[in-house]
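The values are calculated or read from the model by the stated rules, or taken from the named source; none is laboratory data. Small disclaimer: the values here were computed from a predicted structure and weren't measured. When we count neighbours, we look across all protein chains shown, and the Cβ atoms used for this are built from the backbone with ideal geometry, even at glycine.
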Amino acid sequence: MRIANLDGRLALITPEGAIDVHRASDGRFGPDPMSAFDDWDALLEWSASTPAPAEPFDPARLGPPVPRPRQIFAIGLNYVRHAAESGLPVPTVPLVFTKFASSIAGPIGEVALPSSSVDWEVELVAVIGREAREVAEADAWAHVAGLTAGQDFSDRLLQNAGSPPQFSLGKSYPGFAPIGPHLVSVDEFADPDDIGVATTVDSEVRQDSRTSDLVFSVPQLVAYLSRIVTLFPGDLIFTGTPEGVGLGHTPPLYLSDGQVVETSIEGIGTLRHVMRGQR
Ligand code: ZN
């Protein structure tokens, strides 16, 4: 199943276009995109019946598929080569921070640059499907509804301003957590632990890796986090970014006015954002 937020309403996405879930289900599901997580299994089952004709749509109408997550977890230094380019050791436990919920944005749009030190980070985002508390690694995928693409925009100077550095604020300006274009259920992936992730800036490939290189896999993260906190349906886990960020260059490469960042995840789609403000 592939779902999206179309004009603020829950939509089922097919190769032909979009189906409004609330109308096509006679009110059983939707219209709020967050209601997809009220009964994910029932929605999955309903979606398999090809409930109504799909209509073509302009992708610019898409919003974030999970507009109001209760909790957002993000993982730092979760690819071996990215830890190396950051000059830091590979973590032995997940390095966890948050992107505050006001930074959530849709898959297409503009990002106002607050400074001249904003960097890119493609990330696979896991969306929790059922409440998870002390979940074993072997049971973890069953607690994930699906996967979406995320971009963890990061103001490096703010991120590293303190000692020790704290990550959350520098990654939480408005628009710094775009997700989408669709939320794709786990069963759609041939191997959900091996998915291609990439970023281009002005069509130049900057990041191109696979989630099989994660230090801590999605099941390991769900198991680890759920030993400490309760995970709720609709919660997001930004799973970390691979090598190729601007900070890894000498001197660092940061985003500037007019640049176009495209964030792609295999089997999910591409986010497209135009940078505005800093030259
Ligand atoms: Zn990140």
Would you check which residues across the stretch 47-65 are touching a residue at least 24 places away in the same chain (Cβ under 8 Å), out of contact with any Asp or Glu (no Cβ under 6 Å at 6 or more places or on another chain) and surrounded by fewer than 20 Cβ atoms within 10 Å (Cβ to Cβ) and list them?
Ala48, Thr50, Pro51, Ala52, Pro53, Glu55, Pro56, Phe57, Pro59, Ala60
Listed residues Glu243, Glu204; which is away from the ligand (no atom under 16 Å from the Cβ) and either surrounded by fewer than 23 Cβ atoms within 10 Å (Cβ to Cβ) or outside the structural domain of Lys171 (by TED's automatic domain parsing) (or both)?
Glu204
Given (1) closer than 30 Å to Pro252 by Cα; (2) surrounded by 17 or more Cβ atoms within 10 Å (Cβ to Cβ), index of the condition Phe37 fails
(1)
The stretch 1-104: helices (runs of 4 or more DSSP H) wholly inside it with 1 or more residues that are out of contact with any His (no Cβ under 7 Å at 6 or more places or on another chain) and over 18 Å from Gly240 (Cβ atoms) are 21-24, 40-47
Could you count how many residues in the stretch 146-182 are under 30 Å from Leu43 (Cα atoms), within 14 Å of the ligand (Cβ to nearest atom) and either assigned to a loop (DSSP other than H, G, I, E, B) or not β-branched (Val, Ile, Thr) (or both)?
7
Residues in the stretch 55-78: is at least one within 16 Å of the ligand (Cβ to nearest atom) and β-branched (Val, Ile, Thr)?
yes
